[in-house]
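Engineer: Handing you this structure, nothing more for now.
The values are calculated or read from the model by the stated rules, or taken from the named source; none is laboratory data. Everything numeric here is computed off the predicted structure, so don't read it as measured data. Counting neighbours? That spans all protein chains shown, and the Cβs are built from the backbone with ideal geometry, glycine included. Just so you know, the surface numbers come from the protein's heavy atoms only, side chains and all, with ligands and any DNA or RNA stripped out. Shrake-Rupley method; radii C 1.70, N 1.55, O 1.52, S 1.80 Å.
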Amino acid sequence: CEDWLTVDLVDSVTPDNYYKSKEQMDKALIAAYSPLANMGMYRQIFGVVLDLGSDDVFTLEGSFLGYMNYNVANDDENLFKRGRKTTETEVIAGYGIYNSIYEGIMRCNIVLDKLPDSEVPDDAQIEGEARFLRALYFRHLMNLWDQGVVITEENYNDIAIPFTSTSNMAPVIEADLKLILEKEMLPHATDGNFQTGRANIETTQALLARHYLYQGMPEKAEPLLAAIIESNSYALIPIDQVFSVAGDNSSESVFEVQVSDAIGGSTPWFDDNKASAPSSLRNNFIGPTQTGAWQNIIPTHDLVNTFEANDLRKQNFILSDGDPIPYEEGVNYRASDAFPYCVLKGIKSGAYANAENGSGQHTENFPIIRYADVLLMHAETILSSNPTKAIEEINQVRARAFGYATVQELIAAGESIEDYRARKGISLFEALKHERRKEFCFEGLRYFDLVRWGDAEKNTIMTQRGWNKSKERYYPLPQEDINFNDSFL
Amino acid sequence: QNRTISGVVMDADGPIPGVNIQLEGTTIGTMTDFEGRYEVNLRDQEDPILIYKFVGYKTVREIVGNRNTIDVSLEMDVQELEELVVIGYGEVKKKDLTGAVGMVETEDLTQFPVSDVSNALEGRVAGVFVSSTSEPGGVANMNIRGIGSVNGNSNPLFVVDGIQMDNISGINPNDIENMQVLKDASSAAIYGSRAANGVVLITTKSGKSGEQKISVNLESGVSQVSNSFSMMNTDQYAQYTRDLFNNASTPQFPQSPPAWVEDPAIMATNTDWQNEVFKPGTMTKADFSISGGNDHGTYRASLGYINQSGTIDNSGFERINLSINSKQKRGALTFGIASNMFISDKESSKLSANSFSHMIYTAAPQMPVYDPNNLNGFGAPSIALTGQNNTPNPMVGSLYENTTKRYGIMSNIYAEFNIIKGLDFRTDVNTNFVSRNNQEYNPIIDQGSAGALNERSNYLNKVEDTRFDYNVESYFKFNRTFGDHSINAMAGGTLNVENLLGTQISATNIEEGTMVPQTGNVGTAYGFNRTYRLASVLGRVNYSFKDRYLFTASFRRDGSSRFVNNKWGSFPSFSAGWRISDEPFMKGLTETISNLKLRAGYGELGGLGGNSMPVLNNQILYPFPSGGYQGVAPIELSNPNLTWERVQQTNIGLDMGFWDDRILLTGEYFIRNSHDMLMQSVNPGYSGIRGDNWVNLGSMTNKGVEMSITFNHQSDNGLKQSVTFNTTLIRNEVTELPESYLGGVTNEASHLVVGQPIGVFYGYVRDGLNPITGTQMFRDVNGDFEVNGEDREVLGSPHPTYYLGLNYNASYKGFDFSIFLQGAGGHQLYNMTKQNLEGTSSYGNRLDYVNDRAWREDNPNGTLPRITAKNESSHPGITNDVISDRWIEDAAYLRVKNIQIGYTFPQALQDRWGTNNLRVYVSGIDLFTFTNYSGLDPSFVSSYSQSFQLGYDNTGYPPVRSFTAGLQLSF
């Protein structure tokens, strides 16, 4: 009778009838990539929110982000304010960042759990990509929450797992990435079987290097970054193509989140999973109000003033008064007191009011690691041990930024990092910091750089907003999860 | 002098041969002949009185007076026949019942010209709550003894001739012989896990031994919308619009009133949209049946047809029913078959959809209905005309097509073998097959540049599904009396398989007039195929001692394939009854108290629902440039430990009859506790799955008292009257919720909180208007000197605390009259329609009193807030038309559901025509409603399926009043 009362779901994809062939395991893996493009992640909110803690941008009180974010001082009602106790609504208000990260981790765990029992138990590439993604998600979790539940393929079916501290999360990240490198699970960027958009050996090296840097271990990061540079797999692209549709999956791309309007065009913008096209809505948040967008994050004067006169990055990354809006023919940006500047990076091709879809669709991929970052990270690791090489690497990035074909031309024009350092009277490290700020503004790196350099507590803009190392460095864990955990402890 | 009296004696089915007729006080008498006719000579008797007697019927006494013809109709004598009541897997004598079983009179069911008989049950049985709909082909909302679950549905299980089904929309009301409602758990527990919401048992008509009989019923009628809103005309709307813009501007609204407000050409148009949209509806019904039988068996076949067209374009319903019922007996073996087939075709109007119906009222009056320059010929809401785009022309709703064709065959075949005296074995095999084909088609609609309903491309959506259930039931029946001990028992097992399979396809850019999509325009296409199995063992014993002490115990054990780890559940019940009136000590009182019975019972039931099977989603996308962007992952958690919702019910009942049952009274008290309700509980974020998790948690109680009273009275002059009154007092209370719900779940206006009825209304309390600004002020309930979300409180409950039904019947010399009243109260409705038509948060026409009653500098005593597009109250962050007691209104009502007048032609006349029981009648349905509620229909239930979101009145299909005329006869 028990048999008679067990009915297979013949019309559905179930764990019982799935996770067998290579193709099925690959689809499980694709699902693990997918949360990167969730609305709460790089498709919309994440890339905007990440910078809000830094001195690069500000938001207006009363704006949507200002309401939900931590950036408006002295307002305990701000849903996102770091360091304060959360309520259950904040899990939702967190726009699914926390949930999206765990969604990604869970899907990686499924791949790693099911792979040994599938028809392709030894498929190193599937395993490697899953491990890379899991490390990437955990790294995001460490950046924002510090604490969290370490969930692996061993325990992902058991939701009664206690919270742990960072010290337990870092080894998982390190172990996953080192295993990929040791066993050469993934192809190199230049290998014939490498597919654009996926993880490879260099991607893994770059992520592990960033992890070591964030952990304060530059000496461990150095050889990894050096290996990437020596592989000659990557090159810088012209500055006007950085973080734009033209630069999608270019030679500078180490790893980026894929964004496309090729599929599921009219799916609601808030729908993460069900046939969602990761058509980006960043423009909604950051595009100029005069095109109908919200312009919720606004570059600070402090950032804009950092750019030197000949630095092409300023005009390529930021709209100032009178600049033409590239996607609105014949329309120039009109600054106001409230909106002195507007972010241009990442929305260059965007159109807020798309006639067909009526939403701010545009399709720039979101870079997580660019080659420029590899160069500058490497320079940072050898700043004292090999300053000549470090300067050369920084100059590579500067040459591209100032529109010179070679470092020699840059030096000849008196725009090298050494010249800059001398003009400003600052140390090479300080000069490197400024270089990173200009190069990676609005890419979600600045805040974490300031924190790891120990500069955040000295930063006047951040301290004026009430940033406090002990209190506001991390997001609060969702109260619901704490409750849940307590009930099982 | 010598007088001869003649006439015909009949019952509801026709003439009765062999009725004994006697002149009172004499030995003079006669008998009716084969056609029920009699003739009796009175001799010189003074004040003669005739007595009509027949076994199984109530004796009738007729004062002759100066009549020469006396036609008499006899009524079955319940007591003498020991009326049997169907209780599921058997029947018991009515006097032996120990549970709460509600019985519905067949005549009551056919009084309403509805296709679904559930609509006719409103107000008929205490404890059975029905919210009927006037939409053609509509299915009523129904529950027995209150809402039983937070998330599941509350509809009862229907069992038609042994076939279990979710609804009875395929059954012809005229085929129903009787209907019994198993209200308490001790009666329903024999249906175990399927009976959490009670059971409605229906037996269809069968033939009777005797002459062949042909019956014909014809009925036709008209209907009209019975209640409407008084909306502004163009002048008034212009005034309103001027105020709206002059008093404030926001980014959403232009700075100044639109040009039309002063444009004489546009102002000349004044459309009454309700007048345009609503039209008279019609109804035609015809039923034919042929029945008969002999000693070996009986048969009945019927054909039914109903055609309704609604009061809104594109709404209508048509159904053909064919029913066959036969029973044959050969020796110890009895075979039976009951089969009902139907074909129906329902057309649903977009305008009756809840999301759309308010557009009928908000449509701008200055918009013309037709405009030949537009693509579809309808007037369009251009910006010049309406200033904005969200008052579309409601008449475009007629362009949308939505038709559902269904056909179904429900059949039961059984064989019963009499093994020894009192012991039978019976096997039923039944199937329920229903196929549905739904097609929705939206044409290209161009409402101009501002048209809110514009469809850039046409759209086709098709759902085809087939439900095929089968059921095998075998059981022994034992029924014997040993001296003072009487036992009626059954035991057996059943296997039940439900299968639902089908496909859904949708496509855009269809070649006009075809079903062929242009290349690449198929939207979705998927199939489904679900099978559920249920295996059960069940048994029941009714034991009675000296016919006075009654005991019933039943047990059922169900195993369901819906659950993974908890497949099995047990559902016991016990009940007892004491027929006090049969006790020797009551002997002297039997003249007065003809019946007195005390009953008490307890039982446990189960309710299905939820999903315990893990399913993966294959629509997860990630756009790799190399292609291959489809991913597969779970997106909702499955809970393998899910199991049935549990209902425990205690029932105490008292039946009383006085003066030979001329007054009958039944009272019941019940406590219905629902446990382990299927609810959604939040997952921890780190589970990686964001959907809520179904769990068995939470409890709810329904407590109540039911009472029904019947008076029967017959005067010596032939006037017969009866009054039946029933009422229910009930209270629902949520008693336990999962931790994640404990703060209360607020879903728009509804609140789910322990200690209150499920889904109480929740919002602000008004506190007058701000005398300076004319904006709405709300009460600072918690006294913290600011008004915010913390100041909301419970404003009412959508559940009536009392229901009542009152039926009066009278007949006199061939004329009959009946009136039926129904009402409910103690509840509130959230008048969303009024919120739309009085608030200022959106565009569109308003109720005509808004200008006069709104606060203005020159109207400081206005009761409504100042007309302003800003939609602000006196409190920052709170809108003017936020959910408050302004929209939560008391909805008590009393409704004249039906008045019917009929005339039955004298049999003598009918003899010449060769007919029997020829009756003509006129009937009015939903004639008047007495209420203070300002919406269209105080009996509105909800447009939401979740039971904690009840009472949201957004109008939907308009309430309708109808009149019908009909003819019944048999040959």
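Engineer: It is to be established whether one or more residues within the range B:610-617 are open to solvent by less than 40 Å² (accessible area, probe 1.4 Å), more than 14 Å from chain A (Cβ to nearest Cβ) and touching a residue at least 60 places away in the same chain (Cβ under 8 Å).
Structural biologist: no
Engineer: Also, quick follow-up: For the structure I just gave you, tell me whether A:A199 is open to solvent by less than 60 Å² (accessible area, probe 1.4 Å), on the phi < 0 side of the Ramachandran plot and not in a helix (DSSP H, G or I).
Structural biologist: Against the criterion (open to solvent by less than 60 Å² (accessible area, probe 1.4 Å), on the phi < 0 side of the Ramachandran plot and not in a helix (DSSP H, G or I)), A:A199 qualifies.
Table: residues versus (1) over 30 Å from B:K350 (Cβ atoms); (2) open to solvent by less than 60 Å² (accessible area, probe 1.4 Å).
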position: B:I409; (1), (2): yes, no
position: B:I419; (1), (2): yes, no
position: B:N442; (1), (2): no, yes
position: B:V463; (1), (2): no, yes
position: B:F482; (1), (2): yes, no
position: B:G493; (1), (2): yes, yes
position: B:E511; (1), (2): no, no
position: B:Q518; (1), (2): no, no
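Engineer: What number of residues within the range B:783-803 are outside any loop (DSSP other than H, G, I, E, B) and either within 25 Å of B:M707 (Cα to Cα) or of a type in the set (S, T, Y) (or both)?
Structural biologist: 2
Engineer: Please count how many residues of the range A:404-445 are under 23 Å from A:I237 (Cβ atoms) and not hydrophobic (A, V, I, L, M, F, W, C).
Structural biologist: Selection size over the range A:404-445: 15.
Engineer: Does the range B:760-790 hold any residues that are touching a Phe, Trp or Tyr at 6+ places or on another chain (Cβ under 7 Å) and either over 16 Å from B:N880 (Cβ atoms) or among the aliphatic types (A, V, I, L, M) (or both), and which are they?
Structural biologist: B:F761, B:V765, B:L769, B:V787, listed by residue number.
Engineer: So, restricting to strands (runs of 3 or more DSSP E) that lie completely within the range B:85-204, which ones have at least 1 residues that are more than 14 Å from the chain's Cα centre (by Cα)?
Structural biologist: So the answer is B:91-93, B:101-104, B:157-160, B:163-165, B:176-182, B:199-204.
This table checks each residue for (1) surrounded by 21 or more Cβ atoms within 10 Å (Cβ to Cβ); (2) at pLDDT 85 or above.
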{"site": "B:T840", "(1), (2)": "yes, no"}
{"site": "B:D858", "(1), (2)": "no, yes"}
{"site": "B:N861", "(1), (2)": "no, yes"}
{"site": "B:P865", "(1), (2)": "yes, yes"}
{"site": "B:T868", "(1), (2)": "yes, no"}
{"site": "B:S873", "(1), (2)": "yes, no"}
{"site": "B:A891", "(1), (2)": "yes, yes"}
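Engineer: Could I ask something else about it? Exactly one condition in (1) crowded, with 24+ Cβ neighbours inside 10 Å; (2) in contact with a strand residue (DSSP E or B) (Cβ under 6 Å, 6 or more places away or on another chain); (3) at pLDDT below 90 is false for B:A189; which is it?
Structural biologist: For B:A189, the exception is condition (3).
Engineer: Regarding the range B:940-948, can at least one residue be identified that is open to solvent by less than 60 Å² (accessible area, probe 1.4 Å), touching a Lys or Arg at 6+ places or on another chain (Cβ under 8 Å) and either outside any loop (DSSP other than H, G, I, E, B) or among the polar types (S, T, N, Q) (or both)?
Structural biologist: Looking through the range B:940-948, none of the residues is open to solvent by less than 60 Å² (accessible area, probe 1.4 Å), touching a Lys or Arg at 6+ places or on another chain (Cβ under 8 Å) and either outside any loop (DSSP other than H, G, I, E, B) or among the polar types (S, T, N, Q) (or both).
Engineer: Continuing with the same structure: Where residues in the range A:6-27 are under 13 Å from A:L115 (Cα atoms), open to solvent by less than 50 Å² (accessible area, probe 1.4 Å) and in a loop (DSSP other than H, G, I, E, B), which of them is farthest from the other protein chains (Cβ to nearest Cβ)?
Structural biologist: The selected residue is A:S21.
Engineer: Can you tell me how many residues within the range B:651-699 are not small (G, A, S) and not in a strand (DSSP E or B)?
Structural biologist: Total satisfying the criteria: 14.
Engineer: Which residues, taken from the range B:319-372, are basic (K, R) and either open to solvent by 40 Å² or more (accessible area, probe 1.4 Å) or without any contact (Cβ under 8 Å) to a residue 24 or more places away in the chain (or both)?
Structural biologist: B:K327, B:K329, B:R330, B:K346, B:K350 - these are the residues of the range B:319-372 that are basic (K, R) and either open to solvent by 40 Å² or more (accessible area, probe 1.4 Å) or without any contact (Cβ under 8 Å) to a residue 24 or more places away in the chain (or both).
Engineer: Sticking with this one: Between B:Y802, B:Y812, which is under 27 Å from the mean Cα position of the chain (by Cα) and open to solvent by 70 Å² or more (accessible area, probe 1.4 Å)?
Structural biologist: That would be B:Y802, the only listed residue that is under 27 Å from the mean Cα position of the chain (by Cα) and open to solvent by 70 Å² or more (accessible area, probe 1.4 Å).
Engineer: Now for a separate question. Quick one: count up the residues across the range B:667-701 that are crowded, with 22+ Cβ neighbours inside 10 Å and more than 14 Å from chain A (Cβ to nearest Cβ).
Structural biologist: 9
Engineer: Further, regarding this structure: Anything in the range A:135-154 that is within 18 Å of A:V111 (Cα to Cα), within 11 Å of chain B (Cβ to nearest Cβ) and either loosely packed, with under 14 Cβ neighbours inside 10 Å or out of contact with any Ser or Thr (no Cβ under 8 Å at 6 or more places or on another chain) (or both)? List them, or say none.
Structural biologist: A:Y137, A:I151
Engineer: Can I ask one more? B:I383 fails exactly one of the following numbered conditions: (1) under 30 Å from B:F342 (Cβ atoms); (2) open to solvent by 30 Å² or more (accessible area, probe 1.4 Å); (3) of a type in the set (A, V, I, L, M, F, W, C); (4) at pLDDT below 95. What is the number of that condition?
Structural biologist: Single failed check for B:I383: (1).
Engineer: Pick from B:N458, B:N529: which is more than 14 Å from chain A (Cβ to nearest Cβ), touching a strand residue (DSSP E or B) at 6+ places or on another chain (Cβ under 6 Å) and not small (G, A, S)?
Structural biologist: Of the residues listed, the single one that is more than 14 Å from chain A (Cβ to nearest Cβ), touching a strand residue (DSSP E or B) at 6+ places or on another chain (Cβ under 6 Å) and not small (G, A, S) is B:N458.
Engineer: Okay, next question. Condition (residue is within 20 Å of A:A309 (Cβ to Cβ), touching a helix residue (DSSP H, G or I) at 6+ places or on another chain (Cβ under 8 Å), open to solvent by 30 Å² or more (accessible area, probe 1.4 Å) and not assigned by TED's automatic domain parsing to the domain that holds A:V48) applied to the range A:463-480: is it met by at least one residue?
Structural biologist: For the range A:463-480, residues within 20 Å of A:A309 (Cβ to Cβ), touching a helix residue (DSSP H, G or I) at 6+ places or on another chain (Cβ under 8 Å), open to solvent by 30 Å² or more (accessible area, probe 1.4 Å) and not assigned by TED's automatic domain parsing to the domain that holds A:V48: absent.
Engineer: Of the residues B:T234, B:T241, which single one is modelled with pLDDT under 90, touching a Pro at 6+ places or on another chain (Cβ under 8 Å) and not aromatic (F, W, Y)?
Structural biologist: B:T241
Engineer: Determine which single condition B:V564 fails, assuming it passes every other condition in (1) closer than 29 Å to B:T531 by Cβ; (2) open to solvent by less than 40 Å² (accessible area, probe 1.4 Å); (3) in contact with a Leu (Cβ under 9 Å, 6 or more places away or on another chain).
Structural biologist: The one condition B:V564 does not meet is (2).
Engineer: Applying the selection to the range B:205-242, what residues are within 26 Å of the chain's Cα centre (by Cα), closer than 23 Å to B:S934 by Cα and not in a strand (DSSP E or B)?
Structural biologist: Within the range B:205-242, B:S226, B:N227, B:S228, B:F229 meet the criteria.
This table checks each residue for (1) of a type outside the set (F, W, Y); (2) part of a loop (DSSP other than H, G, I, E, B); (3) open to solvent by 40 Å² or more (accessible area, probe 1.4 Å).
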position	(1), (2), (3)
A:Y156	no, yes, no
A:P162	yes, yes, yes
A:M169	yes, no, no
A:I180	yes, no, no
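Engineer: Now for a different question. Go through (1) among the hydroxyl-bearing types (S, T, Y); (2) over 26 Å from B:T650 (Cα atoms); (3) within 14 Å of chain A (Cβ to nearest Cβ) and name the single condition B:T514 misses.
Structural biologist: For B:T514, the exception is condition (3).
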